[in-house]
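Engineer: This is the structure, below, for whatever I ask next.
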Amino acid sequence: MNRRALGLIEVKGYLGAIEAADIALKSANVNLIGCEIVRGGLVTVKLEGDVSSVKAAVEAAEDALTKSNILVVAHVIARPDTSVWDIIENNVDQEEKIQKIEKIEHKDNTKDNSASLREDLESKKVNDLRTLARSFNLDSMTKKQIKFAKKDRLVDEIILFYQRRTK
């Protein structure tokens, strides 16, 4: 049985995340899993350890950050299911995939270069193309359409996005 607890502290800004992590790590015997930058200037600090230590660490950070008006929300999950741990661990892998996908971008994405861009995009997996399409917030496709789109449509829409951006 998994005895670890998960602590989540969401704060405003990266500086707030550093402060939250510092306070939490100094106040109890917990491990820092990492910080995840969320949209809108929010950052989530993720901690793990035994239940009482994580609760103490999160409460200490919560008290200190409430005074400086940096805290958004804090939460402790005692002994989360293994699927939750899989989400936490896979999130790190997902961030690495996004960074690799962003390397697809070319300096010269004009209509003349769309053939080489098409080749690069077609060599990628459909899930990677969907992630890229979501990150661009395509006007021509909703999130649901991106979720169910086939590879050729995703490639076409991403190329159109590049062409519109360079105009």
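Engineer: Mind listing whichever residues of the range 1-36 are in contact with a helix residue (DSSP H, G or I) (Cβ under 7 Å, 6 or more places away or on another chain) and either of a type in the set (Val, Ile, Thr) or surrounded by fewer than 13 Cβ atoms within 10 Å (Cβ to Cβ) (or both)?
Structural biologist: The answer is 2, 9, 11, 23, 29, 30, 33.
Table: residues versus (1) in contact (Cβ under 8 Å) with a residue 40 or more places away in the chain; (2) closer than 30 Å to residue 125 by Cβ; (3) not assigned by TED's automatic domain parsing to the domain that holds residue 132.
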site: 20; (1), (2), (3): yes, no, yes
site: 30; (1), (2), (3): no, no, yes
site: 42; (1), (2), (3): no, yes, yes
site: 45; (1), (2), (3): no, no, yes
site: 60; (1), (2), (3): no, no, yes
site: 70; (1), (2), (3): yes, no, yes
site: 73; (1), (2), (3): yes, no, yes
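Engineer: Still on this model: Go through the range 1-32 and give me each residue that's in a strand (DSSP E or B) and modelled with pLDDT under 90. Explain how you work it out, then say what you get.
Structural biologist: Restricting attention to the range 1-32, the residues satisfying the condition of being in a strand (DSSP E or B) are 4-12, 31-32.
Passing the criteria: only 4.
Engineer: If residue 51 satisfies every condition in (1) over 24 Å from residue 87 (Cβ atoms); (2) in contact (Cβ under 8 Å) with a residue 40 or more places away in the chain but one, which is the exception?
Structural biologist: Here residue 51 meets the rest and fails (1).
Engineer: Do you know which residues across the range 67-85 are surrounded by 11 or more Cβ atoms within 10 Å (Cβ to Cβ) and at pLDDT below 85?
Structural biologist: Start the filter on the range 67-85 by keeping residues that are surrounded by 11 or more Cβ atoms within 10 Å (Cβ to Cβ), which leaves 68, 70-80, 84-85.
Result: 84, 85.
Engineer: From 33, 23, grab the single residue that is of a type in the set (A, V, I, L, M) and under 30 Å from residue 132 (Cα atoms). Working first, answer last.
Structural biologist: Working: 23 fails: under 30 Å from residue 132 (Cα atoms).
It is 33.
The values are calculated or read from the model by the stated rules, or taken from the named source; none is laboratory data. All values reported here derive from a predicted model rather than from experimental measurement. Reconstructed Cβ throughout: ideal geometry from the backbone, glycine too, with neighbour counts over all protein chains shown.
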